[in-house]
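The values are calculated or read from the model by the stated rules, or taken from the named source; none is laboratory data. From a predicted model like this one, the values you see are computed outputs, not experimental measurements. Virtual Cβ from ideal backbone geometry, glycine too; neighbours counted across all protein chains shown.
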Amino acid sequence: MAVNLLDFDLEGLAAFCEGLGEKRFRAVQLYRWVHQKGQADFEQMSDLAKSLRGKLAGAAEVRGLPLISEHVSADGTTKWLFDVADGNAVETVFIPETDRGTLCVSSQAGCAVGCRFCSTGHQGFSRNLSTGEIIAQLWFAEHRLRQTLGLKEGERAIDNVVMMGMGEPLQNYSALVPALRTMLDDHAYGLSRRRVTVSTSGVVPMIDRLRDDCPVALAVSLHAPDDTLRDHLVPLNRKYPIEELLDACVRYLSAAPRDFITFEYCMLDGVNDTPEHAQALVKLLKTRLPCKLNLIPFNPFPASGLLRSPRERVQAFAQVLQAAGIVTTVRKTRGDDIDAACGQLAGEVQDRTNARDRLARQRAVIPIVAGGPA
């Protein structure tokens, strides 16, 4: 099979072109055609030498993901479902805002972490996506939106990418980093490091590697102020407990493009949303590192056994944090009418982990009950 040029960052593409007997500047030209112009037909790449176009025709292709469906929410949010073969499909979401366009990108078919409140985790895990499959989501969305929005040449539809779709990005590190480099490269999408965010449930060694290899904005799925509760909500905490996770976040700040770490906190009715939980968060974070708390209204699904915190309780929770001087926002729910809101992405996964049965057993053995932090 011909190689997929979407699998390469610029250095990888330069090495590929060198193998064809071509100089680096040809790789830059090719990179711009593919990513800036969305061109997949080598014959249309008019400033490439005819000899190079001939070589590419036999050795390479620009292979996007087959589109299964497209749904547009009443609020303008768009969700695409892409076929990634072998019965698996992943979802990608575009969220238009007045000051930016945000694309939520998937990194895995399913997720092996198994967080109690996440629909993706309840579907289990099939496989990691390749670099090309990660970038294909941005490649498709950017050029599709330029057409549908009627943008002029040079105008960008997407200027903010969050790796918050299906999967745990840091458990697919080798494919993630080249994809991030393509997002950031001025010859491709030219995104700011501040406008590319990797969200993680807390894979501590990979946080340290990302700091050294390709530091972008970091968002950490915290969801609890203590290990006892977080062990139940985010099983990865049993391997990398909160103290180790926060130490990694402090280390990450030395290279981060922002001077704070974002912590995501899904608000679960009677589980992690009391004033006592808020005070425990203040004690945990206030003197530890500069941070921002993003409170996320839970989007319920039957298998979770969980409910959304009432709006009044979310606001009261936020007020405790704000009064302590912690920057706190409440995420506005977008695209929930098309199941595109946070925690709702499910796609189609040929599970190799028996997640549904495993999580059902966990729910029966370790029921989460209301109350303050342990």
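Taking the conditions exactly as written (at pLDDT below 95, surrounded by fewer than 20 Cβ atoms within 10 Å (Cβ to Cβ) and farther than 19 Å from Met183 by Cα), does Lys50 satisfy them or not?
On the way: at pLDDT below 95: yes; surrounded by fewer than 20 Cβ atoms within 10 Å (Cβ to Cβ): yes; farther than 19 Å from Met183 by Cα: yes.
Spelling it out, Lys50 is indeed at pLDDT below 95, surrounded by fewer than 20 Cβ atoms within 10 Å (Cβ to Cβ) and farther than 19 Å from Met183 by Cα.
Condition first: under 24 Å from Arg63 (Cα atoms), part of a loop (DSSP other than H, G, I, E, B) and modelled with pLDDT under 95. Now tell me which residues in region 112-149 satisfy that.
The one that is under 24 Å from Arg63 (Cα atoms), part of a loop (DSSP other than H, G, I, E, B) and modelled with pLDDT under 95: Leu149.
Of everything in region 81-111 that's surrounded by fewer than 22 Cβ atoms within 10 Å (Cβ to Cβ) and touching a helix residue (DSSP H, G or I) at 6+ places or on another chain (Cβ under 8 Å), which residue is modelled with the highest pLDDT?
Applying the filter and picking the extreme gives Gly101.
Results for (1) part of a strand (DSSP E or B); (2) out of contact with any Lys or Arg (no Cβ under 9 Å at 6 or more places or on another chain); (3) over 21 Å from Asp259 (Cα atoms); (4) in the same structural domain as Pro241 (by TED's automatic domain parsing), shown as yes or no for each residue.
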| site | (1), (2), (3), (4) |
| --- | --- |
| Glu155 | no, no, yes, yes |
| Gly167 | no, yes, yes, yes |
| Tyr173 | no, no, yes, yes |
| Thr182 | no, yes, yes, yes |
| Ser199 | yes, yes, no, yes |
| Gly202 | no, no, no, yes |
| Asp212 | no, yes, no, yes |
| His223 | no, no, yes, yes |
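Looking at Leu321, Leu289, Leu295, Leu284 in this structure, which one is within 21 Å of Met164 (Cα to Cα) and either assigned by TED's automatic domain parsing to the domain that holds Pro205 or charged (D, E, K, R) (or both)?
Sole residue among the options that is within 21 Å of Met164 (Cα to Cα) and either assigned by TED's automatic domain parsing to the domain that holds Pro205 or charged (D, E, K, R) (or both): Leu295.
Out of everything in region 245-266 that is in contact with a strand residue (DSSP E or B) (Cβ under 9 Å, 6 or more places away or on another chain) and in a loop (DSSP other than H, G, I, E, B), what residue ends up being nearest to Cys291 (Cα to Cα)?
Here the answer is Phe260.
Restricting region 256-265 to residues that are of a type outside the set (Phe, Trp, Tyr) and crowded, with 16+ Cβ neighbours inside 10 Å, which is nearest to Val314 (Cα to Cα)?
Ranking the qualifying residues of region 256-265, first place goes to Glu264.
Among the residues of region 110-127, is there at least one that is touching a Leu at 6+ places or on another chain (Cβ under 9 Å) and of a type in the set (Ser, Thr, Tyr)?
For region 110-127, residues touching a Leu at 6+ places or on another chain (Cβ under 9 Å) and of a type in the set (Ser, Thr, Tyr): present.
Among the listed residues Gly76, Gly154, identify the single one that is surrounded by fewer than 16 Cβ atoms within 10 Å (Cβ to Cβ) and touching a Pro at 6+ places or on another chain (Cβ under 7 Å).
Going through Gly76, Gly154 in turn, the sole match is Gly76.
With Asn237, Asn294 as the choices, which residue is touching a residue at least 24 places away in the same chain (Cβ under 8 Å), surrounded by 16 or more Cβ atoms within 10 Å (Cβ to Cβ) and touching a Gly at 6+ places or on another chain (Cβ under 7 Å)?
Asn237
Out of everything in region 207-233 that is touching a strand residue (DSSP E or B) at 6+ places or on another chain (Cβ under 6 Å) and not hydroxyl-bearing (Ser, Thr, Tyr), what residue ends up being nearest to Arg116 (Cα to Cα)?
Among residues in region 207-233 that are touching a strand residue (DSSP E or B) at 6+ places or on another chain (Cβ under 6 Å) and not hydroxyl-bearing (Ser, Thr, Tyr), the one nearest to Arg116 (Cα to Cα) is His223.
I'd like to check something: does region 318-339 contain any residue that is buried (at least 16 other Cβ atoms within 10 Å of the Cβ), among the charged types (D, E, K, R), part of a helix (DSSP H, G or I) and touching a residue at least 12 places away in the same chain (Cβ under 8 Å)?
For region 318-339, residues buried (at least 16 other Cβ atoms within 10 Å of the Cβ), among the charged types (D, E, K, R), part of a helix (DSSP H, G or I) and touching a residue at least 12 places away in the same chain (Cβ under 8 Å): present.
Pairs please, first residue from region 51-75 and without any contact (Cβ under 8 Å) to a residue 40 or more places away in the chain, second anywhere and among the hydrophobic types (A, V, I, L, M, F, W, C), Cβ atoms under 6 Å, 6+ apart in sequence or on different chains.
Final answer for the pair search is Arg53/Phe42; Lys55/Leu20; Leu56/Phe42; Ala57/Phe42; Ile68/Leu81; Ile68/Ala89; Ser69/Leu81; Glu70/Trp80.
When you check Phe125 against the structure, is it buried (at least 21 other Cβ atoms within 10 Å of the Cβ) and of a type in the set (Phe, Trp, Tyr), yes or no?
yes
For residues in region 256-280 being within 27 Å of the chain's Cα centre (by Cα) and acidic (Asp, Glu), which is nearest to Val234 (Cα to Cα)?
Glu264
This table checks each residue for (1) in contact with a strand residue (DSSP E or B) (Cβ under 7 Å, 6 or more places away or on another chain); (2) in contact (Cβ under 8 Å) with a residue 60 or more places away in the chain.
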{"residue": "Glu155", "(1), (2)": "no, no"}
{"residue": "Asn160", "(1), (2)": "yes, yes"}
{"residue": "Ala175", "(1), (2)": "yes, yes"}
{"residue": "Tyr189", "(1), (2)": "no, yes"}
